[in-house]
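Engineer: Can you keep this structure in mind? I'll have questions shortly.
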Amino acid sequence: MFETLSDRLSGIFDTITGRGALSEKDVGEALREVRRALLEADVALDVVKSFTDKVRERAVGAEVVKAVKPGQMVVKIVHDQLVEMLGAEAVPVDLAAPPPVAMMMVGLQGSGKTTTTAKVARRLQERDRKKVLMASLDTRRPAAQEQLKVLGEQVGVATLPVVAGQTPVEIARRAANAAELGGYDVVMLDTAGRTHIDEPLMAEMQAIKAAADPHEILLVADALTGQDAVNVARSFDEKVGITGIVLTRVDGDGRGGAALSMRAVTGKPIKLIGTGEKMDALEDFHPGRIADRILGMGDIVSLVEKAAETIDQEKAKAAARKLQKGEFDLSDLADQLKQMQKMGGMGGIMGMMPGMGKMKTQMAAAGLDDSIVKRQLAIISSMTKREKQKPALMNASRKKRVAAGSGNKVQDVNRLLKMHRQMSDMMKKLGRKKGGLAGLFGGNMPAEPDPQMLEDIQKGGIGSLPGGLPGGMGGLPKGLPGLPGGGLPGAGIGKPKFKK
Amino acid sequence: MAEMDNETGEKAERKKGFFGRLLGEAEAGGEAAPAPEPEQAQAAKTTWLQRLTGGLSKSSNALTSGITDVFTKRRLDAETLQDLEDLLIQADLGVTTAAAITESLARDRYDKTITDEEVRAVLAAEVEKVLAPVARPLTIDTAYKPFVILVVGVNGTGKTTTIGKLAAKFRTEGRSVMLAAGDTFRAAAIEQLKIWGERTGSPVIAGDQGADAAGLAFDAMAQAKSAGSDILIIDTAGRLQNRSELMAELEKVIRVIGKHDERAPHAVLLTLDATTGQNALSQVDVFREKAGVTGLVMTKLDGTARGGILVAIAERTGLPVHYIGIGEGIDDLQPFAAQDFAAAIAGTAPGTGQ
């Protein structure tokens, strides 16, 4: 259902051979696809419209950087505009007020207020060394107050004792007093879920605000929300004046278009995101990541940047020279594996690849992780210098020794050797051709990724990157795009236990 | 307790006359809600259809006025159709479904002048055409004793609340109901279900928080059998459908239930939050594949969300939609009626025909 936007756009632009400035017609066609992508990501229609208008303004007549396809150019403009609309800078929770600082959590039923309250409290207490008191003002849902109490015990944050029969406003006042007397830095008020058109309940929320004078009023909203997100955000903002948004269930496979909708209609920053059921699954909001997700594409640019930063220039040059001569030995492979670890391992790299988010979780579920890389490094380090240089020396008894020495099985050693063989074969082939690998490997790794490089990656890269994932890949699905930057042969993780 | 009686009494009164389809006096005698229900709530509540359309009203008003804007003096040309498609998209129908409906609208009438009423009627008819086949009630097969209903869904979609309402409904039909507090993960989920059990006079089988959900389901099956309950409703922890380990846990719960009765669970209900956007499609797909969902309940239709994604789901899966949830009260669960839902989406006046 969701092909990536860049695929669609390049499809459109493939028919246009001319380069230079983007014509209005080109842009118009592309924007239809952008519009569709945004709508499928649940960005509200009005927001989509004003968004595409802004993009059109910027894109029409924009010079296409040489060696970048017009499609890529549009993707970049769209991406930049998304980030701009989502807010370029992270805005943290603001506690700059005389203690106890009151913080009020509001939102629809089931958006995750209580869980989020406990997560935020835990973080303030553990990371920011604040003394936090939590109070549940939810007198409506059965056992809601009990829920916060249990969570408080779990995370070691104090909760206001429950007194039956009090109204939410009374509880808010009692919480403020208790916080004052108890010397708390922060008092968090978890309110009942309410529908934004429920006037009496919205009035109750205003009364709570008046009683508690909260410094932060955070709207807790589900990242899976559809077109209604605008109505929700606008109503809550109009009624109580929210100071920020917490987006929950970002670990779902929704696209999170609600983030853009809510930010756009309220102008209030998204401050935090909930990324799981565990109490520590709360993160700061990074506009770029949500932007990529809304567009359905990974962050190729940051992958290239990261590759440029971490791959050792000298080693890369040497490896490239050796490669061209077909002298890629096991020590070189070990270097590659180590560099991959530096880049954040499989997970880190996968997370940045387009469309890889899903595969990342599948891989994690299948137990394919960085421990495989570690084991391969262990195998190599159990070899003698000569064995590393001439893998052909590895006979049965040597294999046994290495396996035993590194705590692996002989099959694992075989797999590694096979992977190395296939890689060096492939690299020899590629070495003869120009471009691709040599270019990437050849040490011309600029600090800033230049368009030429991006284009190389684009051409050879997505789907069939040279040297990326040769042979030994075993169970890895075909769709795994090659990994740009330094070849990263380490991704050829032997035969992962992928089928289960 | 008195409070509770009061509350249900009021509600029953308020609702008398809904299409003659009333839950009647809900089981009283449950524990009191922790605090009195705000007085104001009563005034706001009227018949369910009014409430449904009230809930949908903002959206259908927007949609309706949008349609009026678009069509009053215009020909049905490409641009106009695009605008109509946009309006459907705003109801969360999704791009594909919105386009399909717009196309069928264009088929006979392209480039003709079309009035506002015509557009709405056609729109409602198209939506109803998709929804009518899925508007099927949940039938309890009395051959099974207990008839086992498993309730599944993403976190916060309203599983426990829906179970409470279902229990109330079955109890008023004179059936004996047992509830199993299978959400052993979320804090106080067990207490929440116990309160519903008290409210509806249904025994609740519960373990400790953190206990094995499958083990609990197994015990509940045994207890429901020996107690001779007509219906056993099993709650489960909310889970995102992309969390494979949690979906595997759910599969295990189902396997274990099957050890008592290989045809159980006899119904697997998926709760969908009306405010959810396109992700609801994925929720239905995955829960259907892993948990064998047999029917849907759409909750939280008392807000401005239209739940138009249901149209896309109906078109794609044909899964029955049994109920809609329109509030937090014990009797705020209503059978799904395609015509009313379609009317609410299209903005045709409900009850007055089309």
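Engineer: If B:I313 meets every condition in (1) open to solvent by 10 Å² or more (accessible area, probe 1.4 Å); (2) more than 10 Å from chain A (Cβ to nearest Cβ) apart from one, which number is that one?
Structural biologist: (1)
Engineer: Another question, if that's okay. Among A:V27, A:V48, which is of a type in the set (V, I, T), at pLDDT 90 or above and crowded, with 20+ Cβ neighbours inside 10 Å?
Structural biologist: Answer to the selection: A:V48.
Engineer: How about the stretch A:126-150: which of its residues are free of Cβ contacts under 8 Å to residues at least 24 places away in the same chain, open to solvent by 60 Å² or more (accessible area, probe 1.4 Å) and not in a helix (DSSP H, G or I)?
Structural biologist: Within the stretch A:126-150, A:R127, A:R129 qualify.
Engineer: Here's another thing I want to ask about it. Can you give me the ranges of the strands (runs of 3 or more DSSP E) entirely in the stretch A:151-255 with at least 3 residues that are away from every other protein chain (no Cβ under 11 Å) and either within 30 Å of A:D292 (Cα to Cα) or of a type in the set (G, A, S) (or both)?
Structural biologist: The qualifying strands (runs of 3 or more DSSP E) are A:216-222, A:244-248.
Engineer: Another one. Going by what's in this entry, would B:G201 be described as surrounded by fewer than 22 Cβ atoms within 10 Å (Cβ to Cβ) and more than 10 Å from chain A (Cβ to nearest Cβ)?
Structural biologist: So B:G201 passes the test.
Engineer: Tally time: how many residues in the stretch B:191-218 are within 18 Å of B:L246 (Cβ to Cβ) and either touching a strand residue (DSSP E or B) at 6+ places or on another chain (Cβ under 8 Å) or of a type outside the set (G, A, S) (or both)?
Structural biologist: Adding up the residues that qualify gives 4.
Engineer: Please indicate, with yes or no, whether at least one residue in the stretch B:270-292 is over 30 Å from A:A259 (Cβ atoms) and in contact (Cβ under 8 Å) with a residue 40 or more places away in the chain.
Structural biologist: No: the stretch B:270-292 contains no residue that is over 30 Å from A:A259 (Cβ atoms) and in contact (Cβ under 8 Å) with a residue 40 or more places away in the chain.
Engineer: Sticking with this one: Residues in the stretch B:169-195 that are in contact (Cβ under 8 Å) with a residue 60 or more places away in the chain and either part of a strand (DSSP E or B) or within 13 Å of chain A (Cβ to nearest Cβ) (or both): how many?
Structural biologist: Total satisfying the criteria: 1.
Engineer: For the stretch B:84-125, give me each residue that is open to solvent by 20 Å² or more (accessible area, probe 1.4 Å) and in contact (Cβ under 8 Å) with a residue 60 or more places away in the chain.
Structural biologist: B:T96, B:A100, B:R120, B:A121, B:A125, listed by residue number.
Engineer: Shifting gears a bit: For the stretch A:181-199, what are the residues that are in contact (Cβ under 8 Å) with a residue 40 or more places away in the chain and more than 16 Å from A:V162 (Cβ to Cβ)?
Structural biologist: The answer is A:G182, A:G183, A:Y184, A:D185, A:V186, A:G193, A:R194, A:T195, A:H196.
Engineer: Looking only at residues that are outside any loop (DSSP other than H, G, I, E, B) and modelled with pLDDT of 95 or more in the stretch B:226-245, which one is surrounded by the fewest Cβ atoms within 10 Å (Cβ to Cβ)?
Structural biologist: Of everything passing the filter in the stretch B:226-245, B:S226 is surrounded by the fewest Cβ atoms within 10 Å (Cβ to Cβ).
The values are calculated or read from the model by the stated rules, or taken from the named source; none is laboratory data. On a predicted model such as this, the values are computed, not experimentally measured, just so you know. Neighbour counts run over all protein chains shown; Cβ positions are idealised from the backbone, glycine included. Surface accessibility is based on the protein's heavy atoms, side chains included, excluding ligands, DNA and RNA. Shrake-Rupley method; radii C 1.70, N 1.55, O 1.52, S 1.80 Å.
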